[in-house]
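Report on the structure given below.
Coordinate-derived values only; no laboratory data. Bear in mind that the values here come from a model prediction, so they are computed numbers and not experimental data. Reconstructed Cβ throughout: ideal geometry from the backbone, glycine too, with neighbour counts over all protein chains shown.
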Amino acid sequence: MMEIDGSYGEGGGALLRVATALAAVTGKSIHIDHIRANRPKPGLMPQHLHAVKAVSQLSQARVKGLEIGSEDIEFHPQKLEGQDLTVDVKTAGSISLVLQAVMIPAMRAEKPFKVTVRGGTDVRWSPLWDYLKNVTLPLLGLMGYQAHLELERRGYYPRGGGLVHLEITPTPHLQGLKLTHLRVKRIRGVSHATCLPRHVAQRQAHRARQILTKMGYDVDIRIEVSQDALGPGSGIVLWSEGEGRVGGSALGERGKRAEKVGEEAAQELLFHLDQAAPLDRYLSDQIIPYLALAGDSQVKVAQITPHTLTNIHIAQLLTGARFHINDGVIRVD
């Protein structure tokens, strides 16, 4: 059994998700201790528990220590099957983080399947739903990854209740990714407001459009308004289209002007565009497990984050891939 220190590097939930997902792919049994040791509340929280549980169901794994607050688990994967999964985080825990864990082993399953997850679609400290759909999945698509993501209902902090469906077609062999230049043809986005007046979404979009058009970009931001949610919320996600794809996003909150939300998203996108890298700082860590499984890849990222370095460490341990970093370019053998 492979021993993994859960406090290594960034030492958060990402290490747990990537380690169990890659263990499911490689069939290696692992023991992780000191889980989330660097967090104010160490151990498994609901979204981490449900992510590992989903991966264990997909890989028929035997798991020890899978309970809220646990800082120590054993994960013994068996056979990857394409069985439909339903995951209810029961809080506003991030749907995107649960899906990130499942998506990695899903491509090696025996047949296509669907994952339905209930929780938070647009919550802090995780990729927003529109980012996952419009930034993450298109980039993975360049590697041959096949998936279709569908939103049924949004869910915000603190009540959650969002509902998302993801259909995944197995991809036995990913293509290596060679992407080192960013070329922007246009900027697209979604500004949403749920259980709130339509003008909230409009003002978010208007301010973001003001900033980006002033910089010379062709900007098209779609307005989405709904009354179907357990509680109110708003947000905006922006992304570039062309060669490479980078994003920017922001969430509304009580007392925060809609214009400020749009401005934050636009400024984050501009930061990534200024780096002239085809992958933003969030994708720099999300893509690591896929690069490890594909091999023979070279990508330039906007920023090498602690999450990126932690994921590289885990990917090298479990897959044998070798990563090299030089001036923002990640190369994989």
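Provide the FRET efficiency to the nearest 0.05 for the His165-His31 pair, computing r from the beta carbons and using R0 = 25 Å. Let's see the in-between values first.
Numbers: r = 33 Å, r/R0 = 1.33.
Efficiency at R0 = 25 Å is approximately 0.15.
Hey, what angle do you get for helix 198-214 against the long axis of the chain, alpha-carbon based, 0 to 90 degrees rounded to 10?
Its long axis makes an angle of about 90 degrees.
With a ≥ b ≥ c taken as the square roots of the eigenvalues of the C-alpha gyration tensor of segment 1-153, please select rounded if a/c is under 1.5 and otherwise prolate if a/b is larger than b/c or oblate if it is not? Don't jump to the answer; show the numbers that get you there.
Details: a/c = 1.63, a/b = 1.21, b/c = 1.35.
The shape class here is oblate.
Whole percent per 20 Å bin, from 0 to the bin with the longest distance: what is P(r) over all C-alpha pairs of the chain?
Taking all Cα pairs of the chain, the binned fractions are 33, 60, 8 percent.
Any chance you could check the Cα centroid distance between segment 299-313 and segment 18-83 for me, in angstrom?
The distance from the Cα centre of segment 299-313 to that of segment 18-83 comes to 22 Å.
To the nearest 20 debye, what is the magnitude of the charge dipole of segment 182-274 about its Cα centre, counting +1 on the Cβ of each Lys and Arg and -1 on the Cβ of each Asp and Glu? Before the final figure, lay out the partial values.
Numbers: 15 positive and 12 negative charges, 45 e Å.
Around 220 debye, computed over segment 182-274.
Work out, step by step, the length gained on full extension between Ala276 and Gln298: first 0.36 nm times the residue separation, then minus their alpha carbon distance; give nm to one decimal. Mind dumping the intermediate values first?
Numbers: separation 22, 0.36 × 22 = 7.92 nm, distance 1.53 nm.
The span from Ala276 to Gln298 would gain 6.4 nm if fully extended.
If you place +1 on the Cβ of every Lys and Arg and -1 on the Cβ of every Asp and Glu, how big does the dipole about the Cα centre of the chain come out, in debye to the nearest 20? Display every interim value, and only then the final one.
Values: 39 positive and 34 negative charges, 140 e Å.
Charge dipole of the chain: 680 debye, to the nearest 20.
Which residue, Val237, Val219, Val52, has the most motion in a Gaussian network model of the chain that connects Cα atoms within less than 10 Å?
Answer for the Gaussian network model of the chain: Val219.
Could you work out the equivalent-ellipsoid semi-axes for segment 127-230, taking the square root of 5 times each eigenvalue of the Cα gyration tensor, largest first, in whole Å? Don't skip to the end; give the middle numbers.
Numbers: eigenvalues 154, 107, 14 Å².
The equivalent ellipsoid of segment 127-230 has semi-axes of 28, 23, 8 Å.
At R0 = 51 Å, how high is the FRET efficiency between Asp218 and Glu81 if r is their beta carbon distance? Nearest 0.05 is fine.
Details: r = 45 Å, r/R0 = 0.88.
Efficiency computed from Cβ-Cβ geometry: 0.70.
Projected onto the charge dipole of the chain (+1 at Lys/Arg Cβ, -1 at Asp/Glu Cβ, origin at the Cα centre), which of His165, Leu196, Val329 gives the Cα projection farthest towards the positive end?
Leu196
Rounded to the nearest 500 deg cm²/dmol, what is the calculated helix-only ellipticity per residue at 222 nm for the chain, with -39500 (n - 2.57) per DSSP H run of length n ≥ 4? Write out the running numbers ahead of the final one.
Working: 9 runs with 103 residues, N = 333.
Calculated from helices alone, the mean residue ellipticity at 222 nm is -9500 deg cm²/dmol.
Less than 13 Å Cβ to Cβ from Gly242, Lys/Arg counted +1 and Asp/Glu -1: what total charge do the surrounding residues give? Intermediate values should be presented prior to the final figure.
Details: positive: Arg183, Lys185, Arg186, Arg188, Arg245; negative: Asp218, Glu241, Glu243.
In short, +2.
So what does log10 I(q)/I(0) come out to for segment 258-333 at q = 0.13, 0.17, 0.21, 0.27 Å⁻¹, using the Debye formula with one equal point on every Cα and no solvent?
With no solvent term, the Cα-only Debye profile gives -0.42, -0.63, -0.84, -1.21.
Please give me the summed charge of the neighbours of Val89: other residues whose Cβ is under 13 Å from its Cβ, Lys and Arg +1, Asp and Glu -1.
Local net charge: +3.
Quote to one decimal, in nm, the extra length available between Glu243 and Arg62 on full extension: 0.36 nm per residue of separation minus the C-alpha distance between them.
Numbers: separation 181, 0.36 × 181 = 65.16 nm, distance 4.23 nm.
Full extension from Glu243 to Arg62 adds 60.9 nm.
Sequence gap at least 6, Cα distance under 8 Å: using those rules, report the relative contact order of segment 15-112 to the nearest whole percent. Write out the running numbers ahead of the final one.
Numbers: 185 pairs, mean separation 33.9, N = 98.
It comes to 35 percent, rounded to a whole number.
Hey, how much of the P(r) for segment 182-274 falls beyond 16 Å, as a percent of Cα pairs?
On the way: 2029 of 4278 pairs.
Tail fraction, whole percent: 47.
R0 = 41 Å: FRET efficiency of His206 with Glu150, Cβ-based, nearest 0.05? Please list the in-between numbers first.
Values: r = 28 Å, r/R0 = 0.68.
The calculated FRET efficiency here is 0.90.
Greater than 18 Å separation of Cα atoms is the criterion. Which listed pairs, Lys28/Lys64; Lys178/Lys300; Lys133/Lys178, meet it? Walk me through the numbers before you get to the answer.
Details: Lys28/Lys64 15 Å; Lys178/Lys300 9 Å; Lys133/Lys178 21 Å.
Long pairs (Cα-Cα over 18 Å): Lys133/Lys178.
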